[in-house]
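Here the structure is laid out as structure tokens; the discussion comes afterwards.
The values are calculated or read from the model by the stated rules, or taken from the named source; none is laboratory data. Given the structure is predicted, the values throughout are model-derived calculations rather than measurements. Here the Cβ positions follow ideal geometry from the backbone for every residue, glycine too, while neighbour counts run over all protein chains shown. SASA here: full protein model, heavy atoms, side chains in, ligands and nucleic acids out. Shrake-Rupley method; radii C 1.70, N 1.55, O 1.52, S 1.80 Å.
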Amino acid sequence: MARPIGDAGRFAMIDGLRGIAALSVFLYHCNEGQHLTNLMAAAPAWLEWTVRHGHLGIAVFFVISGFVIAHSLRGHAVTIPLLGRFLLRRSVRLDPPYWFAIALTIAMAAISAHFIQGKESLSISTGQLVAHVFYLQEVLGFREIGPIFWTLCQEVQFYLIYALLLAVTRNDPAQSMQGRATAVGLAMAALISLLWPLGIVTWEPWRGSFLPLWHCFLLGAGAYWTWQYPRMAVYYFAYVAILALSAALKLDEVTLASALTAVALWYATRSGGIYRWLSWRWLQFLGLISYSLYLTHNPVSGALFRIGYGLAGRSALTEAFWWVMVILGCILFSAAMWWLIERPSLTLAKRVDLEVKKPASSPLLLESAARTK
């Protein structure tokens, strides 16, 4: 028996994980951007290791996406028209903050080139910009304007393919396991997704294809499905075990982080922790602004670090001080962005109904129909 949709409120753990993932990627880029060289040389090994592995927050985001999208679509009989409305809702939710981040990155690069002697300006073609607007830069082979925008190309493909799979297999929540065709379709998708992390296939069918990372999304979706349909557990954990073992043997950190995140989510659903864990107020706030923080931390942090080091010079102590200041500055900027851009986008997206509401019949029509019987 499937659990009822939305029967216990908000997934606090999901929001907490979003906050952790966004902060992890942010800290990773601070180090990768050579802003913390003196500090990391003097830091404890555990801190340096943690910062250096912050990019794994991207894997956490992919798993969360699978879980959340599976939740958002499970209660619907997915059809092609519903697929269109679903993609429209995601577009309204994601596009304005993303477009703002593109514009901000370009503007900050232009300002930097103007004021910093010897720094080249960012050259962007019309085709490159248009490709970014529609999440196609990876597919069309354009250079990324920002270092994290490639992940949005992956996410959009995940959403499209997963929802299309449900539509083609006539997903129906009124049937057991959403319908046999849907269960078989998802099983086939999972088997295909194993080809890349296991190294059986090493090529991509097109540039920027979602397939090499498809298993990360499906790990999250599978955790949700196994929660709703516990009899799937034996198949799901066989899938997880294959991926985890392969990742351990091949030192595939992304797959291993994805598997651990998915198992943690599944366990949280079984224990009720999905509604309670990571519910500290500060972490929930980070989760709230995580999309804005993720999108804009690179240009904002780069500018703040440059200003700070220009004023105070560089040493382990000044780098530690300005690291804290930059974190606070990026959080404040992201909070303002959430309020001004992301919050209205979210409100507007909620107005896009996935189901077409049938117009209520008027009393006169009902009376006329009754008389004709």
**OP:** Choose one of Val68, Ala110, Val263: the residue whose Cα lies farthest towards the positive end of the charge dipole of the chain (beta-carbon charges +1 Lys, Arg; -1 Asp, Glu; about the Cα centre).
**Re:** Val68
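Would you work out what percent of the accessible area of the chain, with all protein chains in place, is carbon or sulfur (probe 1.4 Å)?
Carbon-and-sulfur percentage of accessible area, whole number: 68.
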Subject >> Where Trp203, Trp338, Trp277 fall by accessible area, highest first, once all protein chains stay in place (1.4 Å) >> reply: Trp203, Trp277, Trp338
Subject >> Globularity index of region 31-82, i.e. its alpha-carbon radius of gyration over 2.2 N^0.38 Å >> reply: 1.96
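Could you provide, to the nearest whole Å², the per residue accessible area of the chain with probe 1.4 Å?
Values: 18870 Å² over 373 residues.
Accessible area per residue, the chain: 51 Å².
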**OP:** Pop a pseudo-label 7 angstrom from the Cα along the beta-carbon direction at both Arg343 and Ala248 and give the gap in nm to one decimal.
**Re:** 4.7
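By its C-alpha gyration tensor, with a ≥ b ≥ c as the square roots of the eigenvalues, how is region 226-285 shaped: rounded for a/c under 1.5, else prolate for a/b larger than b/c, else oblate?
It comes out oblate by the Cα gyration axes.
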Original post:
Can you put Asp252, Asp353, Asp15 in order of accessible area, largest first, using a 1.4 Å probe?
Top reply: Asp353, Asp252, Asp15
Original post:
Using the alpha-carbon atoms, what tilt in degrees (0 to 90, nearest 10) does helix 363-372 show relative to the longest principal axis of the chain?
Top reply: 30
Subject >> Average projection area in nm² (convex hull over Cα atoms of the chain, one quarter of hull surface) >> reply: 23.6
Original post:
Accessible surface of Met40 in the full protein assembly, 1.4 angstrom probe, to the nearest 10 Å²?
Top reply: 20
**OP:** Take the alpha carbon atoms of region 196-321, find their radius of gyration, then divide it by 2.2 N^0.38 Å using N residues; give the quotient.
**Re:** 1.45
**OP:** Mind pulling the angle between the C-alpha long axis of helix 57-74 and the longest principal axis of the chain? Nearest 10 degrees, somewhere in 0 to 90.
**Re:** 20
**OP:** Let me know the Kirkwood hydrodynamic radius for region 76-117, please, with Cα pairs as the basis and the value in Å to one decimal.
**Re:** 12.8
Subject >> Label-point gap, in nm, between Glu120 and Trp203 - each point 7 angstrom along Cα→Cβ >> reply: 3.2
Original post:
Arg143: accessible area at probe 1.4 Å, nearest 10 Å²?
Top reply: 130
Subject >> Selected from Thr151, Val168, Phe134, residue furthest toward positive end of dipole (region 66-171; charges at beta carbon) >> reply: Val168
**OP:** Report, in degrees rounded to the nearest 10, the 0 to 90 angle that the Cα long axis of helix 233-250 makes with the longest principal axis of the chain.
**Re:** 20
Subject >> Coarse-grained scattering of region 1-155 at q = 0.10 Å⁻¹, given as base-10 log I(q)/I(0) from a Debye sum over alpha-carbon atoms >> reply: -0.53
